[in-house]
């Protein structure tokens, strides 16, 4: 999977993947124009989306009604400590305790969750010209 970020204006960048485009920027208090979510928000958005999709796929296979599923992610950034994600699953009241526990277990298996919890290799490279 290849994603590219290209400068637009100021700190704003157009981020593309295949035929999809998102604008990422910084808020005005950090020197941006606030024309899109900041990169850290995109990271939290990715975790929320991946968790929701993983739950929906599992629920479909198990014929579970998750209703109007909502996944909230609160991302705390600590420059000198450990940053963290608080993930809240909003599930219907009619699910049994066992079903809720199954969904909680499955939520932690979404690909983004697994990448964020595991060891990740980032290889930086520069191309000129």
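Coordinate-derived values only; no laboratory data. Worth saying up front: this structure is predicted, and the values here are computed from it rather than measured. Note: ideal-geometry Cβ built from the backbone for every residue, glycine included; neighbour counts use all protein chains shown.
Relative contact order for the range 38-129: what percent, with Cα pairs under 8 Å and sequence separation of 6 or more? The partial results should precede the final answer.
Numbers: 84 pairs, mean separation 28.7, N = 92.
About 31 percent, as a whole number.
Can you sort 96, 24 so the residue with the fewest Cβ neighbours within 10 Å comes first?
Details: 96 9, 24 20.
Least crowded to most crowded, the residues run 96, 24.
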Open item on the list: For a quick check, take a GNM of the chain with Cα springs below 10 Å and name the residue from 101, 18, 68 with the largest mean-square fluctuation.
Closed with: 18
Open item on the list: How would the chain be classified by its alpha-carbon gyration tensor: rounded, prolate or oblate, with rounded meaning a/c under 1.5 and the a/b versus b/c comparison settling the rest?
Closed with: prolate
Task: Estimated inter-spin distance, residue 109 and residue 127, nm [label 7 Å along Cα→Cβ] - done: 3.7 nm
Open item on the list: Given a 10 angstrom Cα cut-off, can you work out which residue in 28, 54, 40 is the most mobile in a GNM of the chain?
Closed with: 28
Task: Degrees separating the helix 97-107 axis from the principal Cα axis of the chain, which is the longest one - done: 20 degrees
Task: Choice from 12, 48, 93 showing the highest fluctuation, given a GNM over the chain with Cα pairs closer than 10 Å - done: 93
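Can you put 85, 17 in order of Cβ neighbours within 10 angstrom, beginning with the fewest?
Lowest to highest Cβ neighbour count: 17, 85.
Would you list 6, 114, 128 from fewest to most Cβ contacts within 10 Å? Walk me through the intermediate numbers first.
On the way: 6 8, 114 11, 128 3.
Exposure proxy ranking, most exposed first: 128, 6, 114.
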Open item on the list: Report the Cα centroid-to-centroid distance between the range 26-70 and the range 72-129 in angstrom, as an integer.
Closed with: 10 Å
Task: Crossing angle, helix 39-62 versus the chain [Cα axis fit, 0-90 degrees, rounded to tens] - done: 30 degrees
- [ ] Mind giving me the FRET efficiency for residue 8 and residue 75? R0 is 30 Å, r the Cβ-Cβ distance, nearest 0.05 is fine.
- [x] 0.80
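Based on DSSP H runs of at least 4 residues, each adding -39500 (n - 2.57), what is the mean residue ellipticity at 222 nm of the chain after dividing by all its residues, to the nearest 500 deg cm²/dmol?
Numbers: 3 runs with 42 residues, N = 129.
Helices in the chain give a 222 nm mean residue ellipticity of -10500 deg cm²/dmol.
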